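The values are calculated or read from the model by the stated rules, or taken from the named source; none is laboratory data. Everything quoted here is computed from the prediction, not taken from an experiment. Positions of Cβ are backbone-derived with ideal geometry, glycine not excepted, and every protein chain shown enters the neighbour counts. Just the protein is used for accessible areas: all its heavy atoms, side chains included, with ligands, DNA and RNA removed. Shrake-Rupley method; radii C 1.70, N 1.55, O 1.52, S 1.80 Å.
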Amino acid sequence: MKRGFKSQAEDRAVAIRRELGLHPCARLPSERLAEKLGVQFVAPAGIPGMTPDMLAQLLQIGASEWSAVAIRFEKSTLVIENTSHSPKRRESTRFHEMSHLLCGHTPSAFVEVPGMGVLTRSYQQDHEDEADWLGRCLQLPKPVLGFCLNRDWPVEQISKEFLASEDLVNYRLNKSGALLIRRRLAQKTETR
Amino acid sequence: MEEGNQLDTEKLALAVRAKRGDEGLRSTAEKIGNISAATLSRIEQGKVPDVETFLRLCQWLGRQPSDFTSSAVAKSAAAHQSTPEVIEAHLRADRTLSPKTAQTLIEMVRLAYRKDARK
């Protein structure tokens, strides 16, 4: 990731809530951000022409192999999401995809390349890392974590309120520094 | 129906397994560079690699990318109407996909490119 990206992402997560008229500690539903960014989410079954065999391949047999495909059009983005995944996983995937847009990442060539005839795609690790980090900040920004910790909310409650997996909640609590700040404050209060 | 080229994952898998021989996956992956032992294992099982990994493997094997393409008949001519030769899309998935899932995803993307997929 570029130098300074992580802290900028934290700030951006708060700024976007402000732009949408949301409190910094409020949940940001993925649909709200999607509307702002011109993103439409659709299930594979919602794509005209999909056959039962194709749906079975993507949502049953190969369900663990993919999460989403984001296709850029001139003025909008269509994200086809794996609807066999849990709501919490899908919410994280949505924020990941929208983070690619926010970061200005150029989509990769995906389909058959004439002459080479290869059905494959490019994979840029640094872009994936940035989208991962920003997506997680958008879903659980620092103010949200501080709010929850101040109220002694258990991880299960945070997970439910913000439609985030418990793994994600624990990750953000540790990586954001919110948990460390809370512990230090608690220690200071004890020593008084 | 029209002719098209596809990556022959079985041919690639055979070539990789043959060159690796008795050497371990980890040390082979280190020699190839920028690929994990797990990814290498999946490619040997016939999964579809990403572009960067595929080109690195070709370089290691001393082979041309076109050595691993095979002619295949497209499923439906209708699926190839009104789609660009290269669609720009971002796919969030495993670094290696089963050939069937990769093919189905691509067909789905083609279908989505038609106007009636969008509101």
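Brief remarks on what is shown
- The residues of segment B:1-62 expose, per residue, 53 Å² of accessible area to a 1.4 Å probe.
- Interface size B-A, as summed buried accessible area [1.4 Å probe, Å², nearest 100]: 4400 Å²
- Diffusion coefficient (Stokes-Einstein, Kirkwood radius over C-alpha pairs, 20 °C, 1.002 mPa s) for chain A: 117 µm²/s, rounded to a whole number.
- Measuring against 31 Å, Cα to Cα, the residue pairs A:Lys175/B:Lys19; A:Lys6/A:Lys88; A:Lys175/B:Lys31 contain A:Lys175/B:Lys19; A:Lys175/B:Lys31 as the ones spanning a longer distance.
- Amide H within-cut-off set for B:Leu97, under 5 Å, with H built and near neighbours excluded: B:Val48
- Carbon + sulfur, % of accessible area of segment A:17-96 - ligands and nucleic acids excluded, 1.4 Å: 52 percent
- Between A:Val42 and A:Asn174, residue separation times 0.36 nm minus the direct Cα-Cα distance comes to 44.2 nm.
- Put simply, the amide H of B:Thr69, placed in the peptide plane, has neighbours under 5 Å in B:Asp8, leaving out anything fewer than 5 places away on its chain.
- Placing pseudo-labels 7 Å out from each Cα toward the beta carbon at A:Glu74 and A:Ile181 gives an inter-label distance of 4.5 nm.
- Phi angles of segment A:64-76 translate, via the Karplus equation with coefficients 6.51, -1.76, 1.60 and θ = phi - 60°, into HN-Hα couplings of 8, 8, 9, 10, 6, 10, 10, 10, 8, 10, 4, 10, 8 Hz per residue; Gly and Pro are given as x.
- In order along segment A:26-37, the phi-based Karplus estimate (6.51 cos²θ - 1.76 cosθ + 1.60, θ = phi - 60°) of 3J(HN,Hα) comes to 7, 6, 9, x, 4, 5, 5, 5, 4, 4, 5, 8 Hz; Gly and Pro are listed as x.
- Straight-line cross-link reach from A:Lys142 at under 14 Å between alpha-carbon atoms covers these aspartates and glutamates, not counting any fewer than eight positions away in the same chain: A:Glu10, A:Asp11.
- Put a dot 7 Å past the Cα of A:Gln157, heading toward its Cβ, do the same for A:Asp129, and the two dots end up 3.6 nm apart.
- For segment A:139-154, putting each phi into the Karplus relation 6.51 cos²θ - 1.76 cosθ + 1.60 with θ = phi - 60° gives couplings of 6, 9, x, 3, x, 4, 5, x, 4, 5, 5, 4, 9, 6, 6, x Hz, in residue order, rounded to whole numbers and with x for Gly and Pro.
- Anchor A:Lys188: aspartates and glutamates whose Cα lies under 19 Å away (excluding residues fewer than 8 positions away in-chain): A:Asp152
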